[in-house]
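The values are calculated or read from the model by the stated rules, or taken from the named source; none is laboratory data. The shown structure was predicted, so the numbers you read here are calculated from the model rather than taken from an experiment. Please note: Cβ atoms are built from the backbone with ideal geometry, for glycine as well, and neighbour counts cover all protein chains shown. Just the protein is used for accessible areas: all its heavy atoms, side chains included, with ligands, DNA and RNA removed. Shrake-Rupley method; radii C 1.70, N 1.55, O 1.52, S 1.80 Å.
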Amino acid sequence: MSVKLCVAGLTHGHVWGLIDTWADQPEVELTAVADSTPLLEKARARFQRAYDDWRTMLQTEQPDIVLACADNRTSAQIAIAGLEAGAHVMVEKPMAADLTDAQAMWETAQRTRRLLMINWPTRWNPAYQALFRRARAGEFGQIFEFRFRIGHAGPREIGCDPYFVEWLYDEHLNGGGALIDFGGYGAVMAIDLLGMPESVLATRGNFTKPYAISDDHAVLVLRYPRAVAVLEATWAQMGTDGAPNPIVYGTEATAGVSDGKLRIHRRGESPVMEEPEPLPVGERNPAEYFLRCIRENRAPEGVLNPEVSLQAQAVLERAKLTT
């Protein structure tokens, strides 16, 4: 029996890789795609039908799964409508443009009893998963600091398509700038590892761009009773600094990811580099994982769980209030 997939929105630049991943699942039928921009022509040939309005598509096709890949404001609307139509919904990160929309998505998923998953691409990095699994197991002792930095030179500067750039630079549609685009990655990781923080401090600004945007660089500090998380999000970075990333600092070891491996420096020993285990079958990519969750009727776990993303959205909201 085939699973009907509808893709709503093509302006999120991650959508093309996701379509490829879903197309590789033998039970999935690429039923329909909807977008109101010329990007629709790029995708049309891969789907049975194409629409210029996602609402019409949902009403007509009655999909089993909806993949929302529009701007952050519209993706929240798509998710709510898809859930109410009886579909399971995957939203490409982040959850929403603001906490109000994220809360509405969470409540709709609870009410409709449909699965909602927020896809964070870093979840599919084997080294990241090995680091967090071992940290949660206590291998590095008490974790007193988590540090993560993510970003690039900026959406326009690295050549993102203009439809993606347009909404990323619109604070209403995105929810912010680099703070929202990249800050959420660190927030969901910190929450998954350490839980919700007691307090959030942040600073952000447009430090390098000669044009007006809300922020191209942001730093967040999450305070816990016995730990801190330092999260950096940037649209201003040239190249890389070569440092391990992410890093957990524990009372028994400091561990981080470097060139796809774990760098672990235990108390009283020299640092070692360790290869992570590959991700298990069923958890190697978002499509494979979401299909398994649907078959087994269980909620996505970790950073993919919408409750974790809702909490991350709350952290980002607090961060915006302090800047």
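Of note:
- Helix-only CD estimate at 222 nm, as mean residue ellipticity for the chain, using -39500 (n - 2.57) per DSSP H run (n ≥ 4): -10500 deg cm²/dmol
- DSSP bridge pairs, the chain: antiparallel proportion in percent, nearest 5: 50
- Protection proxy ranking, peptides 70-77, 166-173, 182-189, 295-302, average beta carbon neighbours within 10 Å, highest first: 182-189, 70-77, 166-173, 295-302
- Gyration tensor (alpha-carbon) shape descriptor, the range 169-237, a/c threshold 1.5: prolate
- Shape call, the range 52-138: gyration tensor on alpha carbons, a/c limit 1.5: prolate
- Lys pairs under 29 Å by Cα in the chain, provided they are eight or more residues apart or on distinct chains: 7
- Here the 3J(HN,Hα) profile of the range 64-70, calculated from phi with Karplus coefficients 6.51, -1.76 and 1.60 at θ = phi - 60°, is 7, 9, 10, 9, 9, 9, 9 Hz, Gly and Pro shown as x.
- For the chain, the fraction of 1.4 Å probe accessible surface lying on carbon and sulfur atoms is 49 percent.
- At 0.890 mPa s and 25 °C, Stokes D of the range 6-165 from Kirkwood alpha-carbon radius, µm² per second: 143
- With protein chains left intact and a 1.4 Å probe, residues in the range 119-176 average 42 Å² of accessible area per residue.
- Formal net charge of residues neighbouring Val33 (Cβ-Cβ distance under 11 Å; K, R +1; D, E -1): 0
- Rounded accessible area per residue of the range 227-317, 1.4 Å, Å²: 47
- Oblate is the label for the range 236-293, because the ratio a/c of its alpha-carbon gyration tensor axes (a ≥ b ≥ c) is 1.5 or higher and a/b is not greater than b/c.
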